[in-house]
Amino acid sequence: MRILLQFPQGLKMHALQEAAKFEQSGHEVFLSATACWGACDLALEEAKAIGAERLVHYGHAQFGDKPVVVRGIEIEYRLYPITVDLGVLKEALPLLKDYKKIGLVTTVSHIHQLDDMKKILAEGDPAHPHQTFTSRGGLAILEGQVLGCDSSAADKLAGKVDALLYFGGGEFHPLGIKADKPVFAVNPYARSSMQINDIIRRKQKKEQGMLIATAQAKRIGILVSTKSGQFNIHAAENAKKKLLAAGIPQVSILVTGEVDFNSLQDFNSFDAYITTACPRLVDDSERVGKPIVNLAQLPALLKMAKELKN
Ligand code: SF4
């Protein structure tokens, strides 16, 4: 069988060893070399171009409830569990001692360790045992899983827990949490643990500033990505109509695969952007040099733009 293997950026170093396994079984193997940041990004164009009968996308779970179906190409999401030392979670227990009920979330890489995490929270500090809750998101389909664009597995728990705990690398995932509860991040790579509500608040404040700036813009670019899980042309067209009706003089739809920040800078024409693609592009506004707001903020943006006009 002709197979295309696709790895996200952090797993590309394992591509050759995975390819060898398929080759030993007699398959013809190709590797996708384009950048891949998430489950939203299946290498469908490459698979079609080489006539692949199967696409194996590593390191992510399916994006949302509905599987992507492409005639003639079998699509498989294959998890790549990364087992980390949970000692750092034990070390973080003093930070959590005042919170009985903990909402726990992690990334797809560490979902297989969720039960061990719960055990540590329940038994690690006998003086302060925790009751742990998990939930399921929308785009993130595994119990306890969060994505940069879907923190609902944490947000949904806000009403029944005392604090939320994210376990995993980096700040990208936990900073998406919107729930109004103490949020803690335990990072097994940096071996660090901290409360991050102030950082979340700063991010939200920056986003509010970009919203106000975008409402004052004369020329807005609406970003559309052709990536499988991000393509949203109808929403972009609808947003364009509404923005023009709200009095924004110039609105253009920009279509791309990967959003290239240098390329956007070259336009040198837009005062602000709206993303219908990855919502976390807003984190990259400095790289574009312009405000970026999410499509989800369109109603607030239209309201502000109309108020400014009157
Ligand atoms: S849309 Fe963005 S945050 Fe969501 S999975 Fe894709 S790259 Fe990650």
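The values are calculated or read from the model by the stated rules, or taken from the named source; none is laboratory data. None of the values given here were measured: they were computed from a predicted structure. Note that each Cβ is placed from the backbone with ideal geometry, even for glycine, and that neighbours are counted across all protein chains shown. The accessibility values were calculated without ligands, DNA or RNA, using every heavy atom of the protein model including side chains. Shrake-Rupley method; radii C 1.70, N 1.55, O 1.52, S 1.80 Å.
Look at the stretch 105-134 and say how many of its residues are over 17 Å from the mean Cα position of the chain (by Cα) and open to solvent by less than 50 Å² (accessible area, probe 1.4 Å). Quick ask: steps written out before the conclusion?
Applying the first criterion (over 17 Å from the mean Cα position of the chain (by Cα)) to the stretch 105-134 yields 112-134.
Applying the additional criterion that residues be open to solvent by less than 50 Å² (accessible area, probe 1.4 Å) yields 113-114, 117, 120-122, 124-125, 130, 132-134.
Of the residues in that region, 12 qualify.
Taking Ala179 as the residue in question, decide whether it is among the small types (Gly, Ala, Ser), part of a loop (DSSP other than H, G, I, E, B) and either outside the structural domain of Lys119 (by TED's automatic domain parsing) or open to solvent by less than 20 Å² (accessible area, probe 1.4 Å) (or both). Spell out the reasoning first.
Working: among the small types (Gly, Ala, Ser): yes; part of a loop (DSSP other than H, G, I, E, B): yes; either outside the structural domain of Lys119 (by TED's automatic domain parsing) or open to solvent by less than 20 Å² (accessible area, probe 1.4 Å) (or both): yes.
So Ala179 passes the test.
Just the residues that are at pLDDT 95 or above, within 16 Å of the ligand (Cβ to nearest atom) and either hydrophobic (A, V, I, L, M, F, W, C) or exposed (fewer than 14 other Cβ atoms within 10 Å of the Cβ) (or both), please, taken from the stretch 42-67.
Within the stretch 42-67, Leu42, Ala43, Leu44, Ala61, Phe63 meet the criteria.
Which strands (runs of 3 or more DSSP E) does the stretch 26-110 wholly contain that include 1 or more residues that are under 23 Å from Leu164 (Cβ atoms)? Before you say what the answer is, go through the steps one by one.
Details: elements: 28-31, 54-58, 74-78, 101-106.
So the answer is 101-106.
Search the stretch 18-29 for residues that are without any contact (Cβ under 8 Å) to a residue 60 or more places away in the chain and under 17 Å from Tyr58 (Cα atoms) and pair each with any residue that is open to solvent by less than 40 Å² (accessible area, probe 1.4 Å) and part of a helix (DSSP H, G or I) when their beta-carbon atoms are under 6 Å apart and the residues are at least 6 apart or on different chains.
Val29/Ala19; Val29/Phe22
Does Ala39 satisfy being within 16 Å of the ligand (Cβ to nearest atom), of a type outside the set (D, E, K, R), touching a Leu at 6+ places or on another chain (Cβ under 8 Å) and open to solvent by less than 50 Å² (accessible area, probe 1.4 Å)? Talk me through it step by step, then tell me what you get.
On the way: within 16 Å of the ligand (Cβ to nearest atom): yes; of a type outside the set (D, E, K, R): yes; touching a Leu at 6+ places or on another chain (Cβ under 8 Å): yes; open to solvent by less than 50 Å² (accessible area, probe 1.4 Å): yes.
In short, yes.
Would you pick out the residues in the stretch 154-174 that are among the aliphatic types (A, V, I, L, M) and either under 17 Å from Lys118 (Cα atoms) or surrounded by 21 or more Cβ atoms within 10 Å (Cβ to Cβ) (or both)?
Step one: of the stretch 154-174, the residues among the aliphatic types (A, V, I, L, M) are 154, 157-158, 161, 163-165.
If the condition is that a residue be among the aliphatic types (A, V, I, L, M) and either under 17 Å from Lys118 (Cα atoms) or surrounded by 21 or more Cβ atoms within 10 Å (Cβ to Cβ) (or both), then Ala154, Leu157, Val161, Ala163, Leu164, Leu165 are the ones that fit.
Among the residues of the stretch 143-166 satisfying the criterion of being touching a residue at least 60 places away in the same chain (Cβ under 8 Å) and assigned to a strand (DSSP E or B), which is farthest from the ligand (Cβ to nearest atom)?
Our first condition is that a residue be touching a residue at least 60 places away in the same chain (Cβ under 8 Å); within the stretch 143-166, this holds for 145, 147-149, 161-166.
Retained after the next criterion (residues that are assigned to a strand (DSSP E or B)): 145, 147, 163-166.
Values: Gln145: 11, Leu147: 5, Ala163: 24, Leu164: 18, Leu165: 20, Tyr166: 15 Å.
Step by step, filter the stretch 143-166, then rank; the result is Ala163.
Here's the yes/no breakdown for (1) closer than 25 Å to Leu147 by Cα; (2) in contact with a helix residue (DSSP H, G or I) (Cβ under 8 Å, 6 or more places away or on another chain); (3) not assigned by TED's automatic domain parsing to the domain that holds Leu175:
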{"position": "Ile220", "(1), (2), (3)": "no, yes, yes"}
{"position": "Val224", "(1), (2), (3)": "yes, yes, yes"}
{"position": "Gln230", "(1), (2), (3)": "yes, no, yes"}
{"position": "Ala235", "(1), (2), (3)": "yes, yes, yes"}
{"position": "Lys241", "(1), (2), (3)": "no, no, yes"}
{"position": "Leu295", "(1), (2), (3)": "yes, yes, yes"}
